[in-house]
1. If a residue has to be open to solvent by less than 10 Å² (accessible area, probe 1.4 Å), farther than 23 Å from Ala266 by Cβ, of a type outside the set (D, E, K, R) and part of a loop (DSSP other than H, G, I, E, B) to count, how many in segment 198-229 make the cut?
2. Only residues that are open to solvent by 30 Å² or more (accessible area, probe 1.4 Å) and either within 16 Å of the ligand (Cβ to nearest atom) or out of contact with any Asp or Glu (no Cβ under 7 Å at 6 or more places or on another chain) (or both): list them for segment 109-135, please.
3. Report whether or not Ala29 is assigned to a helix (DSSP H, G or I) and at pLDDT 95 or above.
4. Here are some conditions: (1) under 26 Å from Leu172 (Cα atoms); (2) at pLDDT 95 or above; (3) open to solvent by less than 10 Å² (accessible area, probe 1.4 Å). Ser321 meets all but one. Which one does it not meet?
5. When you go through Thr65, Thr138 one by one, which is the residue that is among the polar types (S, T, N, Q), surrounded by fewer than 24 Cβ atoms within 10 Å (Cβ to Cβ), touching an Asp or Glu at 6+ places or on another chain (Cβ under 9 Å) and more than 20 Å from Tyr211 (Cα to Cα)?
6. Could you list, in sequence order, the residues of segment 175-197 that are surrounded by fewer than 24 Cβ atoms within 10 Å (Cβ to Cβ) and in a helix (DSSP H, G or I)?
7. When you scan segment 296-317, how many residues do you find that are within 15 Å of Gln390 (Cβ to Cβ) and crowded, with 18+ Cβ neighbours inside 10 Å?
8. How many residues, within segment 174-188, are within 16 Å of the ligand (Cβ to nearest atom) and over 20 Å from Ala236 (Cα atoms)?
Amino acid sequence: MNAPTRINSKLDVRSQFPAIANWHYLDSAATAQKPQVVIDAIARAYSRDYATVHRGVYERSAVMTDAYERSRAAASKLIGGQANELIFTRGATEAINLVARTLPKNGRNRVLLSQLEHHSNIVPWQLAGFEVDAVPLTQDGQIDLDAAEAMLTEQHRVVAFAHVSNVLGSILDAKRAAEIAHSKGALLLLDGCQAVPRMPVDVAGIGADFYAFSAHKLYGPTGIGCLWSRAELLQAMPPWQGGGAMIDSVTFERTTFADPPARFEAGTPHIVGAVGLHAAVDWVERLSLDAIHAHECALVSETRAALSGISGVTLYGPDDSAGIVSFNVDGVHAHDTATILDDAGVAVRAGHHCAQPLMQWLGVDATARASFAAQSDSSDIEALVRGIEQVKRIFSA
Ligand SMILES: Cc1ncc(COP(=O)(O)O)c(C=O)c1O
């Protein structure tokens, strides 16, 4: 791969983000800031092109419907799927809930998760009545796939893993996870929230069965996300929410349902969200996810090298993590670290990151987390290091 190690500064990526001038935003894993093209696309959709989709016979509605469906095709293509294989949801959380609630169990009542999952990939399975088994992690914070292979049984309907950990940045060997799942007739769901904004994804090459992600982590708007699955799997799943748009015909006696994806999109959808998502997909494709991945990996190496040079800083996760570095300063609660960093103009997340089982595995109740995106650069790392030195000064005083 000839990807550059840094996104070419001539592209002036950072200046495309109006909301982060004079601010070191290192919380992209929570939600990405928006480039101007995405903001403009959303503004245009409301101020010039707005109309409902799928229902109006007037021209503007037809144009909006076309824009909505083109967004679906673009979001699916981004991860190697077809247009009819992608369902719009409110986000990754809703996408995983949809699968947990509607996938026929076929006599298998167990789901295999891992110790590092986000609560969004734990609680939906519990609520849907699955028995949960959790795969341990390797010493450096990867999902232990040898253990997964040994734990998987024919009682497991689904193996559901994060493609990239939101705390450790560890990258799953997704292809091997698919082979393991399929060896016992289980399906593989990947929580791609942190992977899709950070690296190229190819659901067909992986052999995944379900793939979930959120637009707002991919430089797009909040309130919209995606569930990808193979057409024949979606076709076999019943609807989960009833209402307009998801039906074929309705009488008081009997309702028949539309084919996927409409079957799973009851009610007026997030029309403008889809337009914003399409603009975000185009934006990352223009930069290239190979380049974004290489850029973020280089920033992670730089950060880990800088933080390991500061005594009393503990780093979590593997050295080759994708765009995310979790750490703690000895004797300082992560919330205090983040508050002092905030005073220094650096935004990091602190807490359990919706991953309490992982915190237990790490033996801490919280970490501070710096997470990068395409617009991040070395000035953010320098500010982070200065801020951590300030944390140490304040707490040693
Ligand atoms: C790995 C992972 N999974 C799921 C989610 C939930 O995403 P959302 O809140 O956008 O539905 C997040 C968000 O932090 C995440 O990082």
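The values are calculated or read from the model by the stated rules, or taken from the named source; none is laboratory data. This one's a predicted model, so the numbers in the text were calculated from it and none came from an experiment. Here the Cβ is made from the backbone with ideal geometry for all residues, glycine too, and neighbour counts use every protein chain on show. Ligands, DNA and RNA are stripped out before the accessible areas are found, and what is left, the full protein with its side chains, is counted by its heavy atoms. Shrake-Rupley method; radii C 1.70, N 1.55, O 1.52, S 1.80 Å.
1. 2
2. Result: Gln115, His118, His119, Val123, Gln126, Leu127, Gly129, Glu131, Val132, Asp133, Ala134.
3. No; evaluated as a whole, the condition is false for this residue.
4. Against the list (1) under 26 Å from Leu172 (Cα atoms); (2) at pLDDT 95 or above; (3) open to solvent by less than 10 Å² (accessible area, probe 1.4 Å), Ser321 comes up short only on (2).
5. That would be Thr138, the only listed residue that is among the polar types (S, T, N, Q), surrounded by fewer than 24 Cβ atoms within 10 Å (Cβ to Cβ), touching an Asp or Glu at 6+ places or on another chain (Cβ under 9 Å) and more than 20 Å from Tyr211 (Cα to Cα).
6. Correct list: Lys175, Arg176, Ala178, Glu179, Ile180, His182, Ser183.
7. Looking only at that region, the number is 2.
8. Counting residues in segment 174-188 that are within 16 Å of the ligand (Cβ to nearest atom) and over 20 Å from Ala236 (Cα atoms) gives 2.
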